[in-house]
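Please treat every number below as a calculation from the coordinates, not as lab data. As the structure is a prediction and not an experimental result, all values here were calculated from the model. Cβ coordinates were reconstructed from backbone atoms using ideal geometry, including for glycine residues, and neighbour counts include every protein chain displayed.
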Amino acid sequence: MRQYLDLCQRIVDEGVWVDNQRTGKRCLTVINADLTYDVGNNQFPLVTTRKSFWRSAIAEILGYLRGYDNAADFRQLGTKTWDANANDNAAWLANPRRKGEDDMGLIYGALGRAFPKPEGGSVDLLRQIIDDLSKGIDNRGEILTFYHPGAFELGCLRPCMYSHHFSLLGDTLYLNSTQRSCDVPLGLNFNMVQVYVLLALVAQITGHKAGQAYHKIVNAHIYEDQLAPMRDIQLTRTPYTSPKLIINPKIQSLEDIETWVTLDDFAVEDYQHHDPIKYPFSV
Ligand SMILES: Nc1nc(=O)c2c([nH]1)NC[C@@H]1CN(c3ccc(C(=O)N[C@@H](CCC(=O)O)C(=O)O)cc3)CN21
Ligand SMILES: O=c1ccn([C@H]2C[C@H](O)[C@@H](COP(=O)(O)O)O2)c(=O)[nH]1
């Protein structure tokens, strides 16, 4: 995945050190990156210069689409990646809104599937988008947003990929996803998979061809304790050709995603990769 490695190299070469208060660590940072994934031609953007745990990445996006707000539900789907933010984050543990073990609060899908309206009540943004796209409607505002500044206090973390905007041109579906903050060694490895899968899945269940997915990142960073393995190991490796993602064609509706879909409905073919690299994770 050349685009990914180019971004990593750019951060190493041109990044600026920024102190991050929330994690207490310094991050080597660049501003603005634009990645494109050719979903229609199955150019699956899986990192090959280390082993990528793509199943965890897909479990996360399935959990968001289902509106989960609990790390136990994510574990059930097949990923432990929300455990630390739900249970080991001092600020969230001290927050009286936290409902107990594994609670993540009002974040991601929990918000987007029940977005509060100013006059009371809520709206299921994903349901509306799927209904419109299924009828061939693109109202130029088919936006799944997880961003609600009024809700930041109510969740363990602000959403990082916070907006997914779908567009139809003829019978081809496009996606523009926006990310405010990106942990390039760990998070982006997953986020590329998620943007790809989101467009592929929504195209499949709304009966359209998938086109390109455009992924905009604002703050792209490498934490100080991740820099050496990125610069001295991962960036010295030569990438392999991209593998293919296979999605069960029986997935035909949002209800299918909500009820029976599991990681067994996704397979990756011809995944050749280098050895795993364990990057430090910052809570
Ligand atoms: N600092 C930070 N970076 C992130 O990428 C991130 C957060 N926090 N908090 C919220 C979610 C959780 N995410 C995570 C959390 C853990 C891994 C991780 O440990 N990945 C390992 C192993 C994955 C596995 O075994 O399933 C990896 O090598 O990719 C990745 C993404 C992405 N997000
Ligand atoms: O999908 C995700 C979720 C999180 N991240 C990273 C980006 C940052 O390193 C942290 C969040 O910290 P903030 O202080 O809230 O910016 O998590 C990611 O890359 N992808």
Query raised in the report: Which net charge results for the neighbourhood of residue 168, defined as the other residues with beta-carbon distances under 13 angstrom from its beta-carbon, given Lys and Arg at +1 and Asp and Glu at -1?
Result: -1
Report summary line: In whole percent, the Cα-Cα distances of region 1-129 spread across 10 Å bins from 0 upward as 11, 25, 36, 25, 4
Report task. Starting from the amide H of residue 155, placed 1.01 Å from N in the peptide plane, find each other amide H under 5 Å away whose residue is 5 or more places distant or on another chain. Result -> 106
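Which value does Rg/Rh take for the chain over its C-alpha atoms, Rh per Kirkwood?
Working: Rg = 18.4 Å, Rh = 19.4 Å.
My calculation puts Rg/Rh at 0.95.
Over the Cα atoms of region 39-100, what is the Rg over Rh ratio if Rh follows Kirkwood? Don't jump to the answer; show the numbers that get you there.
Working: Rg = 14.8 Å, Rh = 13.5 Å.
Using Cα coordinates only, the ratio equals 1.10.
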Query - Cβ-based net charge around residue 83, under 15 Å, with every Lys or Arg adding one and every Asp or Glu removing one - result: -4
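Taking 2.2 N^0.38 Å as the expected size of a compact globular protein, what ratio does the Cα radius of gyration of region 114-189 give against it, to two decimals? Intermediate values should be presented prior to the final figure.
Working: Rg = 14.5 Å, N = 76, 2.2 N^0.38 = 11.4 Å.
Taking the Cα Rg and dividing by 2.2 N^0.38 Å, one obtains 1.27.
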Query raised in the report: With no solvent and one point on each alpha carbon, what is the Debye value of log10 I(q)/I(0) for region 65-117 at q = 0.17, 0.19, 0.30 Å⁻¹?
Result: -0.51, -0.62, -1.18
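Take the Cα radius of gyration of region 220-283 and divide it by 2.2 N^0.38 Å, with N its residue count; two decimals is plenty. Walk me through the numbers on the way to the answer.
Working: Rg = 17.4 Å, N = 64, 2.2 N^0.38 = 10.7 Å.
Rg over 2.2 N^0.38 Å, computed on Cα atoms: 1.63.
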**Report entry** Max mean-square fluctuation residue, GNM over the chain, Cα-Cα springs under 10 Å, options 140, 66, 98
**Finding:** 140
Report summary line: Filtering GluC sites (Glu not before Pro) in region 30-129 by DSSP loop and by at most 12 other Cβ atoms within 10 Å leaves 101, 119
**Report entry** Whole-Å semi-axes of region 1-74's equivalent ellipsoid (Cα gyration tensor)
**Finding:** 26, 22, 11
Query raised in the report: What percentage of all Cα-Cα pairs in region 159-283 are separated by more than 20 Å?
Result: 56
Query raised in the report: When the helices in the chain are scored as -39500 (n - 2.57) per DSSP H run of 4 or longer and the sum is shared across all residues, what 222 nm value do you end up with, to the nearest 500 deg cm²/dmol?
Result: -8500 deg cm²/dmol
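Using Cβ contacts closer than 10 Å as the measure, can you line up 247, 137, 107 from fewest to most? List each step's numbers first, then the result.
Numbers: 247 16, 137 11, 107 25.
Arranged by neighbour count, lowest to highest, 247, 137, 107 become 137, 247, 107.
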